[in-house]
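A.B. asks: Got a structure here, written out as structure tokens. Questions coming.
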Amino acid sequence: MTRQVPLFINGEFVTSGSSNKLPVTNPANQQLLAEVPMATEAEVEAAIASASEAFKTWRNVPVAERGRLMMRYVALLKEHHDELGELLSQDTGKTFEDAKGDVWRGIEVVEQAANIGANMMGETVENVANGIDTYSYIQPIGVCAGITPFNFPAMIPLWMYPLAIAAGNTFVLKPSEQDPLTPVRLVELFIEAGAPKGVLNMVHGGADVVNQILTHKDIQAISFVGSSRVGDHIYRTGTDAGKRVQCMMGAKNHMVVMPDADRNATLNALVGASVGAAGQRCMAISVAVFVGESKEWIGDLSERMATARPGAWNDAGASYGPIISRPAYEKVLGLIQKGKDEGATCLLDGSNCVVDGLPDGNWVGPTLFTDVTTEMAIYNEEIFGPVLCCITVDTLEEAIELINNCPYGNGTSIFTNSGGAARKYQHEILVGQVGINIPIPVPLPFFSFTGWRGSFRGDLHAYGKQAVRFYTETKTITARWTHSEATTSKQPNMSINLR
Ligand code: NAD
């Protein structure tokens with residue numbers, strides 16, 4: 001019998017009563033791994049009710065205890081790192097090393113959550129007026145929800161619920177319906193770590209389930225990671241319903257190649273950053289901007305890209321895996337064709353890619369375009385495949401103007417040996433995460449993940465101190481305490497000024 005992906009409600013794994021199910025397949029061979037239900041309205045309601053009830057007691061658990069739960073969780077995640085990596089590989093097609101990296105980047109966030117006390121500190125000012133002190137506390141806000149994408153099924157759920165829960169909230173997770181098996185295992189390990197009933201709940205589904213969460217009266221805050229189309233809807237609907245919402249969304253990331261850069265390091269970085277994970281990373285480099293004479297390196301780049309090849313998760317020689325689904329694969333192939341039709345030069349075409357022994361996989365080979373213009377669909381649309389577009393410009397100023405005119409602002413990088421060029425770039429570029437001789441500058445969790453402009457909606461970003469602020473409220477207390485009768489005024493104080 002086909003494995004049924006369970007929901008997790010009120011401390012129990014339950015089989016959904018929904019007849020509306022989707023297949024979960026291995027994208028390397030289309031093997032059916034499981035069926036995932038689209039949870040019913042009543043099941044989503046039960047998950048939120050459980051989280052609401054659990055909040056009443058969880059908010060009072062001492063902060064150090066909440067941190068210790070995360071320490072135990074970190075230990076279990078590390079113990080099961082390889083097992084999680086293997087499961088994630090089958091669900092997504094990622095290579096084993098890449099899948100383990102996905103898990104590891106999540107574990108690093110849980111390590112931050114274990115240290116929650118240090119991030120829950122308020123402020124104090126003694127004697128704001130005679131005998132009066134003002135101080136603030138950071139308090140949890142209630143039930144938070146997370147809606148996550150397919151491309152990092154361990155890391156991105158772990159960006160959300162550990163910090164929210166460590167901060168004293170309870171949580172409802174709605175992972176991607178495309179690869180829900182890793183999130184189920186993450187929840188199992190969280191229970192093993194000792195998470196009390198109701199603190200974390202998990203439902204599966206698509207737009208209907210998400211819309212129910214977005215408008216539910218008992219949900220206070222929503223974290224979303226996914227495409228810009230869905231993120232725009234989530235931000236509008238959630239904020240209209242009075243929720244706090246943060247949306248980390250789509251991207252088109254540029255790497256600037258200066259002629260004074262280290263050629264070998266730059267081209268190798270460009271290959272890895274564009275085709276790694278089959279280009280299915282929100283921080284993947286999808287546009288290379290060659291400044292001045294560095295355009296002479298494009299032929300060399302093409303030769304290096306041609307050596308990258310997709311393959312099965314346990315093929316140690318494979319550079320990356322398949323595209324997540326048939327529709328996503330068709331979209332990538334359609335955009336490659338469109339690039340050719342619109343007049344770009346396809347130096348390397350991965351459209352007819354085959355992998356020995358896996359004829360049914362969603363394989364796309366490394367694909368490289370030159371003569372790309374900003375009017376073309378391959379420049380404007382997020383391809384989310386192993387496709388790199390090259391643009392040539394004469395100066396760094398032109399490169400900066402080009403990138404600042406792109407609506408997205410997730411990540412970017414510059415490769416150069418000039419400190420002056422790097423400093424000008426980091427100062428003037430309107431992108432939230434900048435790498436200098438680093439192709440994919442994802443900040444570690446003591447910072448936050450700070451995409452800008454079309455790649456983000458909201459005020460406070462994912463993980464780090466900003467996420468703790470997102471999942472908490474500040475309460476400011478002004479207090480007057482008197483020591484003895486002698487210092488207490490016998491007169492009623494009619495003043496409204498704290499003097
Ligand atoms: P997606 O937007 O299709 O799905 C994301 C989540 O939204 C899923 O849980 C899905 O079930 C839900 N969803 C889908 N359609 C919906 C609708 N109409 N209404 C409400 N909810 C809906 O994204 P994806 O294809 O899973 O992931 C890839 C996208 O995520 C890319 O655009 C990528 O750039 C982006 N991403 C962004 C970041 C970031 O931090 N900025 C990180 C990873 C991925």
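A.B. asks: I'm checking my understanding of the structure. Among residues of the stretch 377-424 that are charged (D, E, K, R) and under 23 Å from the mean Cα position of the chain (by Cα), which one is surrounded by the fewest Cβ atoms within 10 Å (Cβ to Cβ)?
C.D. replies: Glu381
A.B. asks: If we keep just the residues of the stretch 254-270 that are more than 22 Å from the chain's Cα centre (by Cα) and in a helix (DSSP H, G or I), which is farthest from Gly321 (Cα to Cα)?
C.D. replies: By that ranking, first place goes to Arg263.
A.B. asks: What number of residues in the stretch 308-335 are without any contact (Cβ under 8 Å) to a residue 60 or more places away in the chain, part of a loop (DSSP other than H, G, I, E, B) and closer than 18 Å to Ser286 by Cα?
C.D. replies: Here the count works out to 1.
A.B. asks: Quick check on Val36: is it surrounded by 15 or more Cβ atoms within 10 Å (Cβ to Cβ), in contact with a His (Cβ under 7 Å, 6 or more places away or on another chain) and closer than 30 Å to Gly365 by Cα?
C.D. replies: Against the criterion (surrounded by 15 or more Cβ atoms within 10 Å (Cβ to Cβ), in contact with a His (Cβ under 7 Å, 6 or more places away or on another chain) and closer than 30 Å to Gly365 by Cα), Val36 qualifies.
A.B. asks: In the stretch 356-366, is there at least one residue being more than 21 Å from Pro322 (Cβ to Cβ) and either assigned by TED's automatic domain parsing to the domain that holds Ala288 or not β-branched (Val, Ile, Thr) (or both)?
C.D. replies: Within the stretch 356-366 (the criterion being more than 21 Å from Pro322 (Cβ to Cβ) and either assigned by TED's automatic domain parsing to the domain that holds Ala288 or not β-branched (Val, Ile, Thr) (or both)), the answer is no, since none of the residues qualifies.
A.B. asks: A further question follows. Is it the case that Ala193 is under 16 Å from the mean Cα position of the chain (by Cα), closer than 25 Å to Lys465 by Cα and more than 12 Å from the ligand (Cβ to nearest atom)?
C.D. replies: Taking the combined requirement at face value, the residue does not satisfy it.
A.B. asks: How many of the residues in the stretch 277-288 are crowded, with 24+ Cβ neighbours inside 10 Å and either more than 16 Å from the ligand (Cβ to nearest atom) or not hydrophobic (A, V, I, L, M, F, W, C) (or both)?
C.D. replies: Selection size over the stretch 277-288: 4.
A.B. asks: Criterion first (touching a residue at least 40 places away in the same chain (Cβ under 8 Å), more than 9 Å from the ligand (Cβ to nearest atom) and touching a Pro at 6+ places or on another chain (Cβ under 9 Å)) does Val184 satisfy it?
C.D. replies: Spelling it out, Val184 is indeed touching a residue at least 40 places away in the same chain (Cβ under 8 Å), more than 9 Å from the ligand (Cβ to nearest atom) and touching a Pro at 6+ places or on another chain (Cβ under 9 Å).
A.B. asks: Continuing with the same structure: Could you list, ordered by first residue, the pairs with Cβ atoms under 8 Å in which the first is in the stretch 123-140 and closer than 15 Å to Trp481 by Cα and the second is surrounded by fewer than 14 Cβ atoms within 10 Å (Cβ to Cβ) and acidic (Asp, Glu), at least 6 apart or interchain?
C.D. replies: Sorted first by the residue in the stretch 123-140, then by its partner, the pairs are Asp133/Glu126; Tyr135/Glu123.
A.B. asks: Here is a follow-up. Filter the stretch 320-376 down to the residues that are under 25 Å from the mean Cα position of the chain (by Cα) and among the basic types (Lys, Arg), then identify the one that is farthest from Gln178 (Cα to Cα).
C.D. replies: The extreme case among them is Lys331.
Yes/no matrix, rows are residues, columns are (1) closer than 18 Å to Asp179 by Cα; (2) at pLDDT 95 or above; (3) assigned to a strand (DSSP E or B):
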residue	(1), (2), (3)
Met1	no, no, no
Phe8	yes, yes, yes
Ser52	no, yes, no
Val61	no, yes, no
Asp98	yes, yes, no
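A.B. asks: Do you know which residues across the stretch 429-485 are among the basic types (Lys, Arg) and either assigned to a strand (DSSP E or B) or within 14 Å of the chain's Cα centre (by Cα) (or both)?
C.D. replies: Arg453, Arg457, Lys475, Arg480
A.B. asks: Counting only residues that are part of a strand (DSSP E or B) and more than 19 Å from the chain's Cα centre (by Cα), which one in the stretch 205-253 is nearest to the ligand (Cβ to nearest atom)?
C.D. replies: Ile219
A.B. asks: Sticking with this structure for a sec: In the stretch 365-378, what count of residues is obtained for those that are more than 16 Å from the ligand (Cβ to nearest atom) and closer than 30 Å to Pro27 by Cβ?
C.D. replies: Going through the stretch 365-378 one residue at a time, the tally reaches 8.
A.B. asks: Consider Ile132 carefully, then state whether it is under 24 Å from Phe446 (Cα atoms) and not charged (D, E, K, R).
C.D. replies: Judged against the criteria, Ile132 is not a match.
A.B. asks: Go through the stretch 338-376 and give me each residue that's surrounded by 14 or more Cβ atoms within 10 Å (Cβ to Cβ) and acidic (Asp, Glu).
C.D. replies: Answer for the stretch 338-376, where residues must be surrounded by 14 or more Cβ atoms within 10 Å (Cβ to Cβ) and acidic (Asp, Glu): Glu342, Asp349, Asp360, Asp371.
A.B. asks: Which one of these is more than 16 Å from Glu188 (Cα to Cα) and assigned to a helix (DSSP H, G or I): Gly67, Gly122?
C.D. replies: Gly67 is the lone residue from the list that is more than 16 Å from Glu188 (Cα to Cα) and assigned to a helix (DSSP H, G or I).
The values are calculated or read from the model by the stated rules, or taken from the named source; none is laboratory data. In this text, all values refer to a predicted model and were calculated from it rather than measured experimentally. Here Cβ is always computed from backbone atoms with ideal geometry, including for glycine, and neighbour counts include all displayed protein chains.
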